[in-house]
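In what follows, a structure is listed as structure tokens, so that the remarks can point back to it.
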Amino acid sequence: MKDGLRVMDSDLHVFEMEDVYETYFTGPHRDQRPRYLGWSPADMPHWDVQGRMIPPWATSEAVIGPQKFLHARTDALYKPVLQRGYDAQSTLDAMDREGIDVSVVYRTFAHMVVSIDDLEPAYATACCAAFNDWLAVYCARDPARLRPAAIVSLHDAELAAAEARRAVDEKGHVAVVVLPMPCNGRYVHAREYDVLWAEIVRLGVPLVFHGTSGGAGADYASNRFRGLPNFRTLNHASAFPMELMLAMGAMLVGGVLERFPDLRVGFLEGNCGWLPWWLARLDDQWRKYGGGESVKLSALPSEYFTRQCFIATDADEDLLTVVVDRFGDDNIVMSVDYPHADGPFPNGVKTFLELPGIGRASKEKIMWDNCRRLYGFDTDPAG
């Protein structure tokens, strides 16, 4: 609790280490499991995935310099956490320091591992299952405060649906998280994925789109900057919001929410300041072209968003006021993005509460009530 208000972080992170795949990767592909390469020159863990490095730029000079510049201001802050291996107790300690009551816990690197387009689908699913099992154990340290979010890969929709079912029903995960970019040229509004969306609806958990700056897929927004000046800044600035915008457009205009009116969808860690313009653009274009499209919609894209979707604001996002003014405060959640060095920890919640132009009641909704609705927590998630 912070200043008398309950706080739920919609998207706190772990830093995965060696034991994710060494301990939890099982099945016929175990001898090909991702191989942990230690702490990279870019100041983060990295892996060998069937001969390919993840993150793809982990040893790139174009990233090493900017990462060291970023981390210089937080090295002392995170050194004790690193020494503890970013364990669950260090996360709980960080939550106490911020005043966070409950966190839904997300991957940092595990989705990068399965962003490679040509992975064999069963292998990609085994990678996801290993992380999901590891994260369930991690969150068991305090299951009332740490709520795990499962990942699936989009290489095969049937396998993804089966892993979503296993993770939620057997391991207690509270969301199913996918990458927003295409996989093998297939995008999220392809009919092949309906089996996954149907299973997520049946499970009663949200579908969440969450990007990464370490995507290795062929059709990935920021890879066009590889080898060009100032790659890291352009990569990190563009990958998260741009991929979310396109995934949102596909879900709204592509008819997915028309077919699945009970599907709750979150779009996290890509800012929210662009939302009013993007929804206005989608509405405008649908009015002009929609009558001739093959898939019919019964509502405007913005209406589907208001009915079924949530978007995350960063704790220090000044443009949140624009979104609240245009759409109200019912569809917004918040994260301080611990333990990423570009976030405002240990003052994230304080920073959010001090944002001008937004009332205390709205901030309370964004920090607690909306997050409960996104994740379908019918009772107090903190017990």
### Query
Among the residues of segment 257-277, is there at least one that is crowded, with 22+ Cβ neighbours inside 10 Å, part of a helix (DSSP H, G or I), in contact (Cβ under 8 Å) with a residue 40 or more places away in the chain and touching a Pro at 6+ places or on another chain (Cβ under 8 Å)?
no
### Odd one out for MET334 among (1) assigned to a helix (DSSP H, G or I); (2) under 11 Å from VAL7 (Cα atoms)
(1)
### Query
If a residue has to be touching a helix residue (DSSP H, G or I) at 6+ places or on another chain (Cβ under 7 Å), buried (at least 19 other Cβ atoms within 10 Å of the Cβ) and not in a helix (DSSP H, G or I) to count, how many in segment 313-323 make the cut?
2
### Message
Given the criterion part of a loop (DSSP other than H, G, I, E, B) and closer than 28 Å to GLY255 by Cα, identify the matching residue among ASP117, ASP142.
### Response
ASP117
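Results for (1) touching a helix residue (DSSP H, G or I) at 6+ places or on another chain (Cβ under 9 Å); (2) under 22 Å from PRO346 (Cα atoms); (3) surrounded by fewer than 23 Cβ atoms within 10 Å (Cβ to Cβ), shown as yes or no for each residue.
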{"site": "ASP87", "(1), (2), (3)": "yes, yes, yes"}
{"site": "ARG97", "(1), (2), (3)": "no, yes, yes"}
{"site": "ASP101", "(1), (2), (3)": "yes, yes, yes"}
{"site": "MET112", "(1), (2), (3)": "no, no, no"}
{"site": "PRO121", "(1), (2), (3)": "yes, no, yes"}
### Enumeration of residues in segment 175-221 that are touching a Pro at 6+ places or on another chain (Cβ under 7 Å) and outside any loop (DSSP other than H, G, I, E, B)
PHE209
### Task
Starting from segment 77-94, keep only residues that are touching a residue at least 40 places away in the same chain (Cβ under 8 Å) and more than 21 Å from ASP342 (Cβ to Cβ), then list their pairs with residues that are surrounded by fewer than 18 Cβ atoms within 10 Å (Cβ to Cβ) and of a type in the set (Asp, Glu) whose Cβ atoms are within a distance under 8 Å, requiring at least 6 positions of separation or different chains.
ALA88/ASP142; LEU92/ASP142
### Message
List pairs: first residue in segment 127-143 and within 11 Å of GLU163 (Cα to Cα) and without any contact (Cβ under 8 Å) to a residue 60 or more places away in the chain, second residue part of a helix (DSSP H, G or I) and among the hydrophobic types (A, V, I, L, M, F, W, C) anywhere in the structure, Cβ distance under 7 angstrom, at least six positions apart or on different chains.
### Response
ASN132/ALA167
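Residue-by-condition table, conditions (1) of a type in the set (Lys, Arg); (2) touching a Leu at 6+ places or on another chain (Cβ under 6 Å); (3) exposed (fewer than 14 other Cβ atoms within 10 Å of the Cβ):
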| site | (1), (2), (3) |
| --- | --- |
| SER40 | no, no, no |
| PHE69 | no, no, yes |
| ARG84 | yes, no, yes |
| CYS139 | no, yes, no |
### Task
Determine, yes or no, whether ARG224 is farther than 26 Å from VAL295 by Cα, without any contact (Cβ under 8 Å) to a residue 12 or more places away in the chain and either out of contact with any Ser or Thr (no Cβ under 8 Å at 6 or more places or on another chain) or not basic (Lys, Arg) (or both).
yes
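Listed here are the residues, each with its yes/no results for (1) of a type in the set (Phe, Trp, Tyr); (2) closer than 27 Å to LYS79 by Cβ; (3) modelled with pLDDT under 95.
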site	(1), (2), (3)
MET1	no, no, no
GLY4	no, no, no
ASP19	no, yes, no
PHE25	yes, no, no
ARG33	no, no, no
TYR36	yes, yes, no
PRO55	no, yes, no
### Task
Would you check if there is a residue in segment 236-252 being surrounded by fewer than 21 Cβ atoms within 10 Å (Cβ to Cβ) and assigned to a loop (DSSP other than H, G, I, E, B)?
no
### Task
Any chance you could count how many residues in segment 324-340 are of a type in the set (Gly, Ala, Ser) and surrounded by fewer than 18 Cβ atoms within 10 Å (Cβ to Cβ)?
1
### Message
Just to check your reading of the model, which residue among GLU98, GLU163 is farther than 22 Å from VAL336 by Cβ, modelled with pLDDT of 95 or more and not β-branched (Val, Ile, Thr)?
### Response
GLU163
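One line per residue, one yes/no per condition, for (1) in contact (Cβ under 8 Å) with a residue 40 or more places away in the chain; (2) outside any loop (DSSP other than H, G, I, E, B):
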| position | (1), (2) |
| --- | --- |
| SER294 | no, no |
| ARG307 | yes, yes |
| ILE311 | yes, yes |
| ASP325 | no, yes |
| HIS340 | yes, no |
| LYS350 | yes, yes |
| ILE358 | no, no |
| ALA361 | no, yes |
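The values are calculated or read from the model by the stated rules, or taken from the named source; none is laboratory data. Source: prediction; values computed, not measured. Methodologically, a virtual Cβ is constructed for each residue, glycine included, from the backbone with ideal geometry; neighbour enumeration extends over all protein chains shown.
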